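The values are calculated or read from the model by the stated rules, or taken from the named source; none is laboratory data. Just so we're clear, the structure is a prediction, and the values are computed from it rather than from any experiment. Cβ placement follows ideal geometry from the backbone for every residue including glycine, while neighbour counts extend to all protein chains displayed.
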Amino acid sequence: MSEGAPRYFTLEEANTALAIIRPLLSEILEIRQIILDRQSDLWPVIEKSLGNGGSRTASQTVREFERFDRLVRQVMATGALIKDINSGLVDFPALRDGREVYLCWKFDEDGVRFWHDVDSGFAGRQPW
């Protein structure tokens, strides 16, 4: 496969990839919540940091952002696409009847069982 060409998943390959993706996405969602929980503490620190102030919370949050970025990159390295970080929505490029579609999985689902056209998104999901 040439660089830049999408990886196409079969349904079986997408479900197998969940063994790697599910724990990564679990951690991503956990970090997302930690960052959201710290938001009210961070705004004053961010404003203060413009004047060279700092804080332990800000330093910890920077580390969380770095960890978050690393995890997102690991998911994307599988060929899967994170479509909505808030709900844990992941698409897997696939071919159906010779055209590109997305196999679609949401974090709270047991496995990949849906697909949709590339341009229809989550609202167009159908059982595979």
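Per the listing Ile21, Ile28, the residue uniquely at pLDDT 90 or above, surrounded by 15 or more Cβ atoms within 10 Å (Cβ to Cβ) and in contact with a strand residue (DSSP E or B) (Cβ under 7 Å, 6 or more places away or on another chain) is Ile21. Does region 65-86 contain any residue that is in contact with a Lys or Arg (Cβ under 6 Å, 6 or more places away or on another chain), in a helix (DSSP H, G or I) and either at pLDDT below 95 or of a type in the set (S, T, N, Q) (or both)? No, that holds for no residue. For region 86-98, taking the residues that are in contact with a strand residue (DSSP E or B) (Cβ under 9 Å, 6 or more places away or on another chain) and free of Cβ contacts under 8 Å to residues at least 60 places away in the same chain, the one that is surrounded by the most Cβ atoms within 10 Å (Cβ to Cβ) is identified as Asp91. You will find that of Val101, Val118, the residue that is among the β-branched types (Val, Ile, Thr), touching a Phe, Trp or Tyr at 6+ places or on another chain (Cβ under 8 Å), within 16 Å of Pro6 (Cα to Cα) and exposed (fewer than 15 other Cβ atoms within 10 Å of the Cβ) is Val118 and no other.
For region 99-112, which residues satisfy the criterion of being free of Cβ contacts under 8 Å to residues at least 24 places away in the same chain and not in a strand (DSSP E or B)?
Within region 99-112, Asp108, Glu109, Asp110 meet the criteria.
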